[in-house]
Amino acid sequence: MLTACGASAVKPEATLPAPDPIVERVTVREPWCPPEVMADLPARPAVPAEAVIEGNPAGLSYVGDLAAWAEQLRARLIDAREVCPR
C-alpha cells in the first residue's frame, strides 16, 4: 500500500455488487365473451301443419337425437350468455 493512502483519513468505499432489479408482475384476468355468444339466437324453425315425419326407427331415433343435441347447444349458449360481462 502506498504510504499516502495508508495515512489518509478517508477510507475507500467498499465496492458492493449492484442490487438485483425489482421486477413486479401483475396478472389481470378479465372475463371476455366472443361475439358469437352474445349474438341473438336464431328462431326455432316452425313445424308446418302439413309436415309429416316418417322413417324407419333408426332414422327417427337419429332425428330425435339431433334435436336433443341442438337443444343442449342452445341451452349452453343461453347459460354462457348469463355469465358474460355486459
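The values are calculated or read from the model by the stated rules, or taken from the named source; none is laboratory data. Model, not experiment: these values are computed from the prediction. SASA here: full protein model, heavy atoms, side chains in, ligands and nucleic acids out. Shrake-Rupley method; radii C 1.70, N 1.55, O 1.52, S 1.80 Å.
For the stretch 35-78, a residue qualifies if it is of a type in the set (Asp, Glu) and open to solvent by less than 90 Å² (accessible area, probe 1.4 Å), and exactly one does: Glu71. Taking (1) at pLDDT below 90; (2) open to solvent by less than 70 Å² (accessible area, probe 1.4 Å) in turn, Trp32 satisfies each apart from (2).
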